[in-house]
There are 2 protein chains.
Amino acid sequence: MQLPHQTVQTPVFMPVGTAGTVKAVSQDVLETLGAQIILGNTYHLYLRPGHELIRRMGGLHKFISWPRAMLTDSGGYQVFSLSKLRKVTDNGVSFRSHLDGSSHFFTPEHSMDVQMALGADIAMAFDECTEYPAEKSRAQESLRLTMAWARRSLDHHRANRHTVPWCEELGGQTQNLFGIVQGGTYRDLRRESAERLVEMEFDGYAIGGLSVGEPRELTMETIAEVLPLLPADKPRYLMGVGYPDEIEMYARMGVDMMDCVLPTRAARHGLLFTSEGRLNIKAKRYAEDQGPVDPECTCMVCQRYSRAYLRHLMQCGEALSGILNSIHNLAYYLGIMERVRKSLQPEG
Amino acid sequence: MQLPHQTVQTPVFMPVGTAGTVKAVSQDVLETLGAQIILGNTYHLYLRPGHELIRRMGGLHKFISWPRAMLTDSGGYQVFSLSKLRKVTDNGVSFRSHLDGSSHFFTPEHSMDVQMALGADIAMAFDECTEYPAEKSRAQESLRLTMAWARRSLDHHRANRHTVPWCEELGGQTQNLFGIVQGGTYRDLRRESAERLVEMEFDGYAIGGLSVGEPRELTMETIAEVLPLLPADKPRYLMGVGYPDEIEMYARMGVDMMDCVLPTRAARHGLLFTSEGRLNIKAKRYAEDQGPVDPECTCMVCQRYSRAYLRHLMQCGEALSGILNSIHNLAYYLGIMERVRKSLQPEG
């Protein structure tokens, strides 16, 4: 996948850098881990430090000093999950900041403006993430909104995407815009959503509204239903998923891109992913365990530190605990994708 | 200074790794920064994870994966500053843990046993840190205790120091023990303390009980008084001091070793040290400042990140804020010492 800042090998896992930082992991470590693309959250960056400030700093890449690829979400998901007192109309969403209660109004056009100011390699259409469970009528109404907003997002983005901060510097290359398939757990709605988005000709397509509480079989069925409807020559991105076994399975099903806060969030709670399964580093049984987190892992944490030390750091609430746990979990997720990529390569 | 795990170039600044971690900075970064020796706090490590556990893990070096030199304090300072309900007798100090209220009893012999189990390259005699201000009679009584405890520390350490975890592995090399000069701000007491410790023949000597609230002139006078009394062929360590201008001045006065929590603690509060003076990275005026923290600094933070980004991280309470701020401040402190070392070298 050719992006303005990086040619990305797919399938790829994208660490989540909500506020312009993958929590507790520095950019040079992300590079060492082989992260090719990271995600930024439009909602958070819009509120703090503000997209106009980031534009003046030359865009998100320069602001956070990340030379590789980036993707921003549309802000929609966080508006619906984090903000208070939101009110949805056809025009957009008014909401209050979860930080200071200040009032804001997001339309598809505004989401595009914010994302173009941030200047990630990939922006996402403004959508409504349909909750689970949702009645069919509710899912239908939600999808109607998402489809109308997709059209408006695309039109506004196509008309203005030359304004991203680095467009000139990178010889006229500019930001990609992906559409987001919604439709809840209803096959026909998902199908309709996919087909209409493909007609609009986005630069890539995402499957949204999954991993929001539905049973895993439904997640998989929905992915299996939607994937064949999306053009194979454009990136297919499954949003906000999931556990290691899931991301491996979905990558093998044909998903090109995935993101999830799980590796870093779980790390901060002491949950580590290993080739032998999950491990809660807080457990007493690791107190004197001199082995690495994962004997098969070659990451900088497993090469240097013992389970006993990591447990001690967690017990003490030391910052290094979150740092090292996050590095290991990210290495594990990125390693899964690397294995899948190798296994999918045609033999030479 | 030849130590079992590292030949240390002096004067040297020792980052403080209270609980077996220099807060928010990983060991590989400390190595990159050129840290030659780090400090561990006996009181904290004794309470958590416990010195016997660390002994079973092969000692502190192995437990935290730090191959270079380490020093542990005696625990005395924290017993007096952190613990609750302490009661001092000639035999030792009974106190309650600040963590869980559990009861403990430290004697000079016990402090030595704990420090030998931890197995740093340098252990410190058990002392009472005389508070400031202190009446002369109080300083005198405190010094009497410290001197008696120094004798007992030395005797117990000399008789048992072959038991440190790595003694055999390192061909019979073993732990050093330093005595600590106390005496408050009374010249005659300081002099008496220094002379009596030198007679006992420790492996090195520390000046304790400074930077505890006394005016800076008194700190300097005391150092100037004590330093000439200490043998020049043994390391001279000034404990718990101080600001950048102080550590430079004291290094030039002949102090070989210093430690202080200031660079890392200040970093977590957004106070950064630079060649242009102190800088509070939270300040609004850095919101769009694309320059590095310190234009003259070659550390990995100044080479990559802007003040604007560091301010943003701090505003958001992001973990990376503490990480990057700490790295810069440590680089600054270590850089001061490197400059002093170079300027003190005989010209070639």
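The values are calculated or read from the model by the stated rules, or taken from the named source; none is laboratory data. Please read all numbers here as calculations on a predicted model, not as lab measurements. Note that we place each Cβ from the backbone using ideal geometry, even for glycine, and neighbour counts take in every protein chain shown. Only protein heavy atoms, including side chains, enter the accessible area calculation; ligands, DNA and RNA are left aside. Shrake-Rupley method; radii C 1.70, N 1.55, O 1.52, S 1.80 Å.
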(message) Take the residues in the stretch B:7-18 that are more than 14 Å from chain A (Cβ to nearest Cβ) and closer than 19 Å to B:Gly335 by Cβ; name whichever of them is most open to solvent (accessible area, probe 1.4 Å).
(response) B:Gln9
(message) Go through the stretch B:297-348 and report how many residues are among the aliphatic types (A, V, I, L, M), open to solvent by less than 10 Å² (accessible area, probe 1.4 Å) and more than 11 Å from chain A (Cβ to nearest Cβ).
(response) 4
(message) Just the residues that are within 11 Å of another protein chain (Cβ to nearest Cβ) and within 24 Å of A:Gly34 (Cβ to Cβ), please, taken from the stretch A:277-296.
(response) A:Pro292
(request) Could you pull out the residue among A:Asp90, A:Asp100 that is within 27 Å of A:Tyr237 (Cβ to Cβ), acidic (Asp, Glu) and surrounded by fewer than 19 Cβ atoms within 10 Å (Cβ to Cβ)? (result) A:Asp90
(request) Kindly indicate whether any position in the stretch B:173-190 is open to solvent by 50 Å² or more (accessible area, probe 1.4 Å) and of a type in the set (Phe, Trp, Tyr). (result) yes
(message) When the residues of the stretch B:129-150 are narrowed to those that are at pLDDT below 95 and closer than 16 Å to B:Thr89 by Cα, which ends up least open to solvent (accessible area, probe 1.4 Å)?
(response) B:Thr130
(message) If I ask for residues that are within 18 Å of the chain's Cα centre (by Cα) and assigned to a helix (DSSP H, G or I), which ones from the stretch A:120-164 would you list?
(response) none
(message) Anything in the stretch A:276-288 that is free of Cβ contacts under 8 Å to residues at least 24 places away in the same chain and open to solvent by 40 Å² or more (accessible area, probe 1.4 Å)? List them, or say none.
(response) A:Glu276, A:Arg278, A:Asn280, A:Lys284, A:Arg285, A:Glu288
(message) Could you go through the stretch A:208-231 and let me know if any residue there is in a strand (DSSP E or B) and either within 22 Å of A:Gln9 (Cβ to Cβ) or open to solvent by less than 10 Å² (accessible area, probe 1.4 Å) (or both).
(response) no
(request) Inspect all residues belonging to the stretch B:233-253 and state whether any of them is among the charged types (D, E, K, R), touching a residue at least 40 places away in the same chain (Cβ under 8 Å), closer than 28 Å to B:Met116 by Cα and surrounded by 16 or more Cβ atoms within 10 Å (Cβ to Cβ). (result) no
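For (1) closer than 27 Å to B:Leu229 by Cβ; (2) more than 17 Å from the chain's Cα centre (by Cα), each residue gets a yes or a no:
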site: B:Val255; (1), (2): yes, no
site: B:Arg265; (1), (2): no, no
site: B:Ala283; (1), (2): no, yes
site: B:Thr298; (1), (2): no, yes
site: B:Leu330; (1), (2): no, no
site: B:Arg341; (1), (2): yes, yes
(request) Could you pull out the residue among A:Arg307, A:Arg311 that is of a type outside the set (Val, Ile, Thr), under 29 Å from B:Leu118 (Cα atoms) and in contact with a Gly (Cβ under 7 Å, 6 or more places away or on another chain)? (result) A:Arg307
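Residue-wise test of (1) surrounded by fewer than 23 Cβ atoms within 10 Å (Cβ to Cβ); (2) facing chain A (nearest Cβ under 9 Å); (3) more than 19 Å from the chain's Cα centre (by Cα); (4) modelled with pLDDT of 95 or more.
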residue	(1), (2), (3), (4)
B:Gly20	no, yes, no, yes
B:Val25	no, yes, no, yes
B:Ile37	no, no, no, yes
B:Leu47	yes, no, no, yes
B:Phe80	yes, no, no, no
(request) Kindly indicate whether any position in the stretch B:250-271 is basic (Lys, Arg), away from every other protein chain (no Cβ under 14 Å) and over 16 Å from B:Leu310 (Cα atoms). (result) yes
(message) What's the number of the only condition in (1) within 10 Å of chain A (Cβ to nearest Cβ); (2) under 21 Å from B:Gly171 (Cα atoms) that B:Leu53 fails to meet?
(response) (2)
(message) Tell me yes or no: at least one residue of the stretch B:295-314 is at positive phi and of a type outside the set (Val, Ile, Thr).
(response) no
(message) Would you confirm, using the coordinates I've provided, whether B:Tyr333 is within 27 Å of A:Leu99 (Cβ to Cβ) and not hydrophobic (A, V, I, L, M, F, W, C)?
(response) no
(request) State the number of residues belonging to the stretch A:95-117 that are under 25 Å from A:Val181 (Cβ atoms) and free of Cβ contacts under 8 Å to residues at least 24 places away in the same chain. (result) 2
(request) Being assigned to a loop (DSSP other than H, G, I, E, B) and touching an Asp or Glu at 6+ places or on another chain (Cβ under 9 Å) is the filter here, so list the residues in the stretch A:266-300 that pass it. (result) A:Ser275, A:Glu276, A:Asp294, A:Pro295, A:Glu296, A:Met300
